[in-house]
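Chemist: Sharing a structure here in structure tokens format.
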């Protein structure tokens, strides 16, 4: 059972066009449903309110076109358990995000929704034998999986602090997932990844600097959960379980660096970690003097090595895989060290 190239191109094209057409329609309807993100002069410096419709656009495009793709004649026999493992947690987090965009949910309510979604995904991973045996204790592994899902979900939400970054970064991640899934003939993940890629490229037309539409919490939380769950489902060709886990960590190392840089800066400044601030990588690059457009380009260029190394680890011998990890860690450490030295001031 496999997808031919023409079917993949059709899915990519349909998701791209659907997103490109749906976004301006929802932009016009946004104010009627209070789906706008206004400036607050602490972290959001746009001149006026911007429609936060990206979540609805991306969710609608991915769910609709993926349904069509999964029901192509030679894909229809997929195990519904794998589909449910992705769909149910993503739907829960998307609903939480929409409510948050409209009425500003409390952090407690948001984390409860994420915990429910993460527990479902972790339980599904365990029942489908997708869990990685990090430890010998089943309950500890389950907890680690839940923490991973919540971490990635919120890290993607944190990265959505600059026009286009979360959108283009997610596009690159799904392109990587598509490559890995295609190498191992994982039909569901091929469909989800290529449809996600097309939907995000279409939306980027309106999310690039200066953005006419934002992802909103519905978009960033949904994409974060989708990335986290897909990372559990992806069957890499790495030579060992440890290398398989490391390849995913390398792939998502930008998220890890961005989140921990912000959290450590807040801790050192004795600032509550849940309070937002201009302490993420995009903000640090702007403090260094780069424009918004150049910041986006630099972050894309900085992410590409992690993608190359992560995919390469699944194509070469174990020795070469470990060598590539070592080289990447040197590059990664130098970048993080440089960014950590940027002075951050909280208002």
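The values are calculated or read from the model by the stated rules, or taken from the named source; none is laboratory data. Here the structure is a predicted model, which means the values were calculated and not measured. Every residue, glycine among them, receives a Cβ derived from its backbone with ideal geometry; neighbour counts consider all protein chains shown.
Chemist: Determine, yes or no, whether residue 190 is surrounded by 24 or more Cβ atoms within 10 Å (Cβ to Cβ), part of a helix (DSSP H, G or I) and modelled with pLDDT under 95. It would help to see each step written out before you state the result.
Modeler: Values: surrounded by 24 or more Cβ atoms within 10 Å (Cβ to Cβ): yes; part of a helix (DSSP H, G or I): yes; modelled with pLDDT under 95: yes.
For residue 190, the condition - surrounded by 24 or more Cβ atoms within 10 Å (Cβ to Cβ), part of a helix (DSSP H, G or I) and modelled with pLDDT under 95 - is met.
Chemist: Here's something else I'd like to know. Can you spot a residue in segment 122-136 that is within 30 Å of residue 296 (Cβ to Cβ) and buried (at least 18 other Cβ atoms within 10 Å of the Cβ)?
Modeler: As a first pass, look at segment 122-136 and keep what is within 30 Å of residue 296 (Cβ to Cβ): none.
No, segment 122-136 contains no residue that is within 30 Å of residue 296 (Cβ to Cβ) and buried (at least 18 other Cβ atoms within 10 Å of the Cβ).
Chemist: Could you check segment 306-319 and list, in sequence order, the residues that are part of a helix (DSSP H, G or I) and in contact with a helix residue (DSSP H, G or I) (Cβ under 6 Å, 6 or more places away or on another chain)? Walk me through it before giving the result.
Modeler: At the first step, the residues of segment 306-319 found to be part of a helix (DSSP H, G or I) are 306-312, 318-319.
If the condition is that a residue be part of a helix (DSSP H, G or I) and in contact with a helix residue (DSSP H, G or I) (Cβ under 6 Å, 6 or more places away or on another chain), then 306, 307, 309, 310, 311, 312 are the ones that fit.
Chemist: Next up: Step by step: first the residues of segment 158-168, then only those that are under 11 Å from the mean Cα position of the chain (by Cα) and surrounded by fewer than 24 Cβ atoms within 10 Å (Cβ to Cβ), then the one that is modelled with the highest pLDDT. Which residue is that? Write out each step before concluding.
Modeler: First, pick out the residues of segment 158-168 that are under 11 Å from the mean Cα position of the chain (by Cα): 158-160, 165-168.
Among the residues that remain, those that are also surrounded by fewer than 24 Cβ atoms within 10 Å (Cβ to Cβ) are: 158, 168.
Working: 158: 92, 168: 96.
Once the filter is applied, the top-ranked residue is 168.
Chemist: Just checking: which of the helices (runs of 4 or more DSSP H) contained wholly in segment 202-275 hold 1 or more residues that are over 25 Å from residue 311 (Cα atoms), at pLDDT below 90 and not assigned by TED's automatic domain parsing to the domain that holds residue 93?
Modeler: The qualifying helices (runs of 4 or more DSSP H) are 253-268.
Chemist: Another question, if that's okay. When only residues in segment 10-39 that are exposed (fewer than 13 other Cβ atoms within 10 Å of the Cβ) and not in a helix (DSSP H, G or I) count, which is nearest to the chain's Cα centre (by Cα)?
Modeler: Step by step, filter segment 10-39, then rank; the result is 38.
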